[in-house]
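*Asks:* Got a structure here, written out as structure tokens. Questions coming.
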């Protein structure tokens, strides 16, 4: 078996024709749907970027034990497992977070890897005397700072050398992917993970794509919305959404070039192809830009997934409403290559969903961010459960790699460390238990922000798909919470997490039942 795993970042379902989107033309995503099984109820797990990737590598939720951070020494990794089992694995990515303190250990699990430079605030182009005054004339101060100490400033510097379409990181990723396929066209038993940071912000696409999505705005560059509540004018809002649409259109076209290669070389008969993302992004829906600071609305948590499985050609062009999650990618990749799934995995092989062997998926999908609300859905209802006090003490981080996104844990954090005996996924290895201090540089507080729009919410996704009206039904909420606690227990979640969320009583009620599920 051969596998191509295409991972975009922040690709919204609503931007894809296959999911009913009309704001962006996506002929190639839609074309792939005719070759694949489309998953209609696929959800995130741990949020955001690197926690999502840890779920993908390990096949289980990780936000229950720590915040954004490196792959742990004891973590299972599909890339490492496949490599050790004789499958060649290669990563192509322009995702800069792999190369920060909080993203280490992921790319080195692959047999080989290729990193494309220049996305977002990647510390790439060295410019001692940047043209600050010209930047002020070109870029909107609403989105871009003009202080060199701000990470976003580096984004403007990087753009100085990203001029032609071939210079853009996204096109370079797909060019590298096609080069891998050409070079290895006679080989078998390999996996290519082709990861494209687009359409993550900043929403900058080559001019020919933006020309197709005009907004009527004629001001300075406005394409990197801050994670905050909407305060822009109507034309500014249209411009931001148009920039996102142009970037999605670019992703669609370059994905189409990959499909062309599949067609020309008849790879459909022996090569699996996966298309998905890590999370969505609010583009003024619910009066918000971004993610993480607000409840995990459907635009953030309900994500696209399309899979072509050559073992089940009859699934082409079909859809499933099985409830699935990000972590299910891991056992699916192992299943493609007939490699055993480790006992620590808490997810399902989507090959069984595609073949019809598993028609329902899971009972509920649990998702969230360390220190944030719990999201849980059964596909019909979605609950975002907030603890009694979102800023209360009591949470602890469990890790052997104490780093936040772009810096190590501080001395103040490390001084609180004690040794924990570990959990069912640490393989007998003890870990550091470190107090989750209020001032720690965790998402979303790492940029000096905090959670807003706080409060538990329940929505009926069938009667109210846009989530405009909260549902008052304590019976449904209680049922979802009981199911959420069961999932937490199967992940060997620390005791203090249940207390912090105000769910200690449900843990005791579910303890015996969960023991039976695991054993």
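*Asks:* Are any residues in the range 212-238 surrounded by fewer than 17 Cβ atoms within 10 Å (Cβ to Cβ) and either without any contact (Cβ under 8 Å) to a residue 12 or more places away in the chain or in a helix (DSSP H, G or I) (or both), and if so, which ones?
*Replies:* 218, 231, 233, 234, 235
*Asks:* Sticking with this one: Of the residues 321, 287, 270, 278, which is in contact (Cβ under 8 Å) with a residue 24 or more places away in the chain, surrounded by fewer than 18 Cβ atoms within 10 Å (Cβ to Cβ) and under 30 Å from residue 452 (Cα atoms)?
*Replies:* Matching residue, one of 321, 287, 270, 278: 287.
*Asks:* Is the range 108-121 home to any residue that is in contact with a helix residue (DSSP H, G or I) (Cβ under 7 Å, 6 or more places away or on another chain), part of a helix (DSSP H, G or I) and surrounded by 19 or more Cβ atoms within 10 Å (Cβ to Cβ)?
*Replies:* yes
*Asks:* Among the listed residues 33, 79, 126, which satisfies the condition of being farther than 19 Å from residue 342 by Cβ and touching a helix residue (DSSP H, G or I) at 6+ places or on another chain (Cβ under 6 Å)?
*Replies:* Just one listed residue meets the conditions, 33.
*Asks:* Looking at the range 187-200, can you tell me whether even one residue there is more than 24 Å from the chain's Cα centre (by Cα) and crowded, with 21+ Cβ neighbours inside 10 Å?
*Replies:* No, that holds for no residue.
*Asks:* Confirm whether residue 207 is at pLDDT 95 or above, surrounded by 16 or more Cβ atoms within 10 Å (Cβ to Cβ) and either over 24 Å from residue 48 (Cβ atoms) or in contact with a helix residue (DSSP H, G or I) (Cβ under 9 Å, 6 or more places away or on another chain) (or both).
*Replies:* No: the conditions fail for residue 207.
*Asks:* Where in the range 365-428 are the strands (runs of 3 or more DSSP E), entirely inside, with at least 1 residues that are surrounded by fewer than 20 Cβ atoms within 10 Å (Cβ to Cβ) and in the same structural domain as residue 100 (by TED's automatic domain parsing)?
*Replies:* Ranges flagged: none.
*Asks:* Okay, moving on. From the residues in the range 352-364 that are without any contact (Cβ under 8 Å) to a residue 60 or more places away in the chain, surrounded by fewer than 20 Cβ atoms within 10 Å (Cβ to Cβ) and in contact with a strand residue (DSSP E or B) (Cβ under 8 Å, 6 or more places away or on another chain), which one is nearest to residue 457 (Cα to Cα)?
*Replies:* Ranking the qualifying residues of the range 352-364, first place goes to 360.
*Asks:* What about residue 471, is it over 23 Å from the mean Cα position of the chain (by Cα), surrounded by 14 or more Cβ atoms within 10 Å (Cβ to Cβ) and in contact (Cβ under 8 Å) with a residue 12 or more places away in the chain?
*Replies:* Judged against the criteria, residue 471 is a match.
*Asks:* Right, residue 459: surrounded by 19 or more Cβ atoms within 10 Å (Cβ to Cβ), touching a strand residue (DSSP E or B) at 6+ places or on another chain (Cβ under 6 Å) and over 21 Å from residue 61 (Cα atoms) or not?
*Replies:* Answer is yes for this residue.
*Asks:* Scan (1) under 19 Å from the mean Cα position of the chain (by Cα); (2) part of a helix (DSSP H, G or I) for the single condition residue 268 breaks and write down its number.
*Replies:* All conditions are met except number (1).
*Asks:* Something else about it: So, in the range 440-449, of the ones that are modelled with pLDDT under 90 and over 18 Å from residue 46 (Cα atoms), which residue ends up farthest from the chain's Cα centre (by Cα)?
*Replies:* 448
*Asks:* Of all residues in the range 314-348, how many are in contact with a helix residue (DSSP H, G or I) (Cβ under 8 Å, 6 or more places away or on another chain) and more than 19 Å from residue 57 (Cβ to Cβ)?
*Replies:* Residues meeting the conditions: 4.
*Asks:* Determine whether the range 63-73 contains at least one residue that is in contact (Cβ under 8 Å) with a residue 60 or more places away in the chain, closer than 25 Å to residue 203 by Cα and surrounded by fewer than 19 Cβ atoms within 10 Å (Cβ to Cβ).
*Replies:* No, the range 63-73 contains no residue that is in contact (Cβ under 8 Å) with a residue 60 or more places away in the chain, closer than 25 Å to residue 203 by Cα and surrounded by fewer than 19 Cβ atoms within 10 Å (Cβ to Cβ).
The values are calculated or read from the model by the stated rules, or taken from the named source; none is laboratory data. In this text the structure is predicted, and so the values were computed from the model without any measurement. Glycine also receives a Cβ, built like all others from the backbone with ideal geometry; neighbour counts cover every protein chain displayed.
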